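The values are calculated or read from the model by the stated rules, or taken from the named source; none is laboratory data. Here the structure is a predicted model, which is why all the values come from computation and not from measurement. Calculation scope for accessible area: heavy atoms of the full protein, side chains included, ligands and nucleic acids excluded. Shrake-Rupley method; radii C 1.70, N 1.55, O 1.52, S 1.80 Å.
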Amino acid sequence: MEEKHCTSCKKKVANDPGNVIFACPSCGKYEVVRCSRCRVDAVTFKCPSCGFEGPN
Ligand SMILES: [Zn+2]
Ligand SMILES: [Zn+2]
């Protein structure tokens with residue numbers, strides 16, 4: 001089992017039913033993980049592959 005961690009806050013999202021995982025909208029190479037809290041708070045994430053920053 002691979003453990004997923006929120007890209008923004010590094011929290012484990014395994015037990016977070018509101019988490020979302022999607023490919024970076026810019027480069028599509030990096031898998032962005034967002035926990036429910038960071039989604040609600042609109043915390044920004046940054047793609048380590050291309051540097052893209054975004055709220056979703
Ligand atoms: Zn988070
Ligand atoms: Zn990217």
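Observations on the structure shown:
- Counting protein heavy atoms only, the chain has 49 percent of its accessible area on carbon and sulfur, 1.4 angstrom probe.
- Solvent-accessible heavy-atom area per residue, rounded to whole Å², over the chain at 1.4 Å: 69 Å²
- Cα gyration tensor shape for the chain, rounded if a/c is under 1.5, else prolate or oblate: oblate
- Computed over the chain: relative contact order in percent, which uses C-alpha pairs under 8 Å that are six or more apart: 30 percent
- Residues whose placed amide H lies under 5 Å from that of PHE45, excluding near-sequence neighbours: GLY54
- Largest to smallest accessible area among SER8, SER49 [probe 1.4 Å]: SER49, SER8
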